[in-house]
Amino acid sequence: MTELVFFTNQVIISGLVLGCIYALGAIGITLIFGILRFAHFAHSELMTGGAFIAFLLASAFAAWGIVTPIPTGFVVLPIAMVLAAILALGIDKGFYAPLRKRGAKPVTLLIASIGVTLMIQGLIRLFFGAGSYSFFETEPKEVFRFDLASIGSTRPLVITEPQVLMILVTFVSVLALHFFLTRSRLGKAMRAMADNADLAQVSGINTALVVRVTWIIAGALGCMAGTMLALDVTLKPDLAFNIILPIFAAAIVGGLGQAYGAIAGGLLIGFAETLAVFNWTMVLRPLNAILPDWMQLPPTLALVPTEYKLTVAFVILVVTLLVRPTGIFKGASS
Amino acid sequence: MIQRSLTLFGGLFVLILLMGWVMGLPFTSSRLVEAAAYALIALGLNIQWGYGGLFNFGIMGFLMVGGAAVTFISFPVNPVFWAGEGPAMLGKALLAFAVGALIVLAARKSDRIGITGKWKTALTVLAWFIGYCLYRSQIDPAAAYIESAAGGGWIGGLGGHPVLGWLFGGVLAAGIAYIVGKICLGLRTDYLAIATIGISEIIRALIKNMDWLTRGTLTVSPIPWPTPLPQAFQASGMDGSTALLAARSGYLLLAVIVLAIVMWLISRAYAGPWGRMMRAIRDNHIAATSMGKNVTARQLEIFVFGSVLMGIGGAMLVSFVQIFDPSSYQPINHTFLIWVMVIVGGAGNNWGALFGAILLWLIWVISEPLSKAVFDFVSTWSTQFGWGAIPEIEARSAQMRVFVLGLVITIALRFAPRGLIPEVVKRER
């Protein structure tokens, strides 16, 4: 049983946490691609920016002496999401809308999004330096340890409070997004526009409103993903810039333009990364007792060495692009 | 048009003179050498994007390949490695790689013996897995042995001339570009951009972690120069700063000669039928196909040509700074910067790309001291008003480069989307 608990700790929990973050980021990217038809690289900066907004709010809460039962990062999350959505709208208004009005090609918008990435990252580094911050400087990070001796495990099942909340919050927001996209008028309009923008416009859908809603959702979910990542590890200016490609991988694996695909892709990439670097000897060790001497398992038996963890996502990305560029859920293909 | 280019280049010249006056000659001379190398890289991207319309966002990967190549060719030989069992073990790993490749190839041809559909897919995946395990079983002990003291730490270099290393950088980049192009060029715009970024990240991870081959994060230095080093001039009786300048002028001269040859070659290619065909493919590949042009092969060709220049440029940069440090490569400094150079300069125009490369490199290097000066000024001013000084000016001004780069590209896209020296579209009536 010890091995099973170890597997749960190392693969299931960390894979799920990573997958949730990737999925939330990928939803924004996939929605923007579906509606506006360009790969939005600055999404990483929406995530990092959102995380820094949440961090500032949490610090303000701590300074005012407000003590909350759950980590402050989660309490301030709704406010931070609203602010991040406003930020996303502002970026669109300031940088992308003028280019769209001029009828620029998607390629130009992609390059513009890289410019936005550089500017926001420069600003964040200007104000916060290159160091790292933690949400848990004034409050403890609670760790739950479930003692599983009763079922014969010598190791406890370990999960931190932010991780539990993170999985719950992701689940709730994905459910909310699902109902928004399938039940509300606006959500249906969004899906219609993602399918065929011209047809949606002639059938009387307010495309400008749909574009605004897309940015609001993308900004809010990006902020959520960034804050959660910062809560799980530490907050630094290149927090999301380093994982933007795995997020793109998630969006592409799920099929660009498909919101559900992004969720599936995010979880898939998250689990693939943790499974690929997982040391199988830890689980298969009992086999050593029955295997002959010359077949004993080596001390590490992982598919790839740990330093290549992020590379797994890139390999999946490239392979998906080559074998099935439309992704699992048959997304848009340009 | 010509007048505009002359004015812009004249302005650039004045900027360089000003920089030499304010920042000092040693600083300016080394920035100019780097600018020449970046100009070569920007010309490479200009071929790919400006001539061919290919969206290569994996420049960093090709620069790293060029750097690793020049390290391998020009660094002195490592006798410990060659005396040990390292070469034999590497040979075995190579053999395992070849066997693995054969297995994969055989699985892909399995439809010849009647295995088709899902079974073939399963067989191919299994073959990849077996090949990978086979290779890992040989390379892991070899890498561990070479990285130990007995194996010499890493394989070392070959002790060749650095210019040979530059050429090898080009050849190696061409080889990798061929593979990358072969598998990726079927993708269009956004997808190609993401795929090439992914591949460049894979290349970075490999070069960074294959310590036996590249020494990884331990870095390799000092890498020899193709021209005499300052120390050589000093030995012949010059004083320190003159020797430095003389050595750098020598390097700059070599870099400018390479740049001039490349510029001449690609300008001729641009004006010739080949360049016309490339522009036809870029502007409308469907029409070009219907005129009987082999679009896929042509795009692969141009992707390889551009990557050769990137490889050579990357090699020049590494041998100039004399250190190969894989962890110093960042997408911002080595991919996005080049893109901004080409877009601001003018995609499709070689003089534009050249201008953009030099201008952006100068902006990139002077934005740090400039913003430090601005911060210092504001800081003294705010101290006088009693608001206190700006904290950590040094660290903050170092980060301003990224912001300035973003600002430049945003302004350029908004007000000069075709670049400062745009492509000349000839219309024949």
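Throughout, read-outs are computed from the coordinates displayed, never taken from laboratory work. Every value quoted in this text rests on a predicted model; they were computed, and no experiment measured them. Every residue, glycine among them, receives a Cβ derived from its backbone with ideal geometry; neighbour counts consider all protein chains shown.
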For region B:65-80 and region B:365-429, distance of Cα centres in Å: 37
Proxy reagent accessibility, fewest Cβ within 10 Å first, across A:Cys20, B:Cys184, B:Cys133: B:Cys133, B:Cys184, A:Cys20
Shielding by partners, peptide B:185-191 (average Cβ within 10 angstrom, other chains): 6
Centroid-to-centroid separation of region B:282-321 and region A:9-85 [C-alpha atoms, Å]: 40
Charge tally in the Cβ shell below 15 Å around B:Tyr178, where Lys, Arg are +1 and Asp, Glu are -1, B:Tyr178 excluded: +1
Residue of B:Ile323, B:Ile113, B:Ile73 that the Gaussian network model of chain B assigns the largest fluctuation, springs spanning Cα pairs under 10 Å: B:Ile113
Shielding by partners, peptide A:103-114 (average Cβ within 10 angstrom, other chains): 5
Global geometry of chain B, whether rounded, prolate or oblate, following the gyration tensor of its Cα atoms and the 1.5 cut on a/c: oblate
Top of A:Tyr308, A:Tyr133, A:Tyr260 by mean-square fluctuation, Gaussian network on chain A, Cα under 10 Å: A:Tyr308
Region B:150-221 and region B:332-346: distance between their alpha carbon centers, rounded to Å: 20
A:Ser132-A:Leu175 pseudo-label distance in nm [points 7 Å out on the Cα-to-Cβ vector]: 3.3
Region B:91-135 shape via C-alpha gyration tensor axes, a/c threshold 1.5: oblate
Pairwise label distance in nanometres, B:Ser221 with A:Leu168, each label 7 Å out on the Cα-Cβ vector: 5.2
A:Arg183/A:Val75 FRET efficiency (R0 22 Å; Cβ-Cβ; nearest 0.05): 0.20
Sorted by Cβ neighbour density within 10 Å, fewest at the top, the residues B:Glu368, A:Glu273, A:Glu137: A:Glu137, B:Glu368, A:Glu273
Among B:Leu17, B:Leu172, B:Leu309: highest mean-square fluctuation, GNM of chain B, C-alpha pairs under 10 Å: B:Leu17
MRE, 222 nm, helices only [DSSP H, n ≥ 4, -39500 (n - 2.57), over chain A, to nearest 500]: -20500 deg cm²/dmol
Ranking of B:Met23, B:Met278 by count of other Cβ atoms within 10 Å, fewest first: B:Met23, B:Met278
³J(HN,Hα), Karplus 6.51/-1.76/1.60, whole Hz, each residue of region B:398-408, x for Gly, Pro: 5, 7, 5, 3, 4, 5, 4, 4, x, 5, 4
Calculated FRET efficiency for the pair B:Met1/B:Thr242, C-beta based, R₀ 35 Å, to 0.05: 0.25
Low-density loop cleavage sites - trypsin sites (Lys or Arg not before Pro) in region B:108-183, where at most 14 other Cβ are within 10 Å (DSSP): B:Lys109
Gyration tensor verdict on the protein assembly as shown (Cα atoms; rounded if a/c is under 1.5, prolate if a/b is larger than b/c, oblate otherwise): rounded
Pairs from A:Lys236/A:Lys309; B:Lys109/B:Lys293; A:Lys309/B:Lys372 whose Cα-Cα separation, in the structure shown, is over 26 Å: B:Lys109/B:Lys293; A:Lys309/B:Lys372
Which of B:Gly100, B:Leu253, B:Ala39, positive extreme of dipole for chain B (C-beta unit charges): B:Gly100
Shielding by other protein chains, A:318-329, mean Cβ within 10 Å: 3
Protection proxy ranking, peptides A:177-187, B:28-38, average beta carbon neighbours within 10 Å, highest first: B:28-38, A:177-187
DSSP bridge pairs, the protein assembly as shown: antiparallel proportion in percent, nearest 5: 90
Qualifying chymotrypsin sites (Phe, Trp or Tyr not before Pro) for region B:328-404 [loop in DSSP, other Cβ within 10 Å: at most 11]: B:Phe385, B:Trp387
³J(HN,Hα), Karplus 6.51/-1.76/1.60, whole Hz, each residue of region B:57-74, x for Gly, Pro: 10, x, 4, 3, x, 5, 4, 5, 4, x, x, 5, 5, 5, 4, 5, 6, 9
Chain B - mean residue ellipticity at 222 nm from DSSP helices (-39,500 (n - 2.57) per run, n ≥ 4, rounded to 500): -25000 deg cm²/dmol
Neighbour cut-off at most 12 other Cβ (10 Å), DSSP loop, trypsin sites (Lys or Arg not before Pro), region A:71-107: A:Arg102
A:Thr68-B:Ala271 pseudo-label distance in nm [points 7 Å out on the Cα-to-Cβ vector]: 6.8
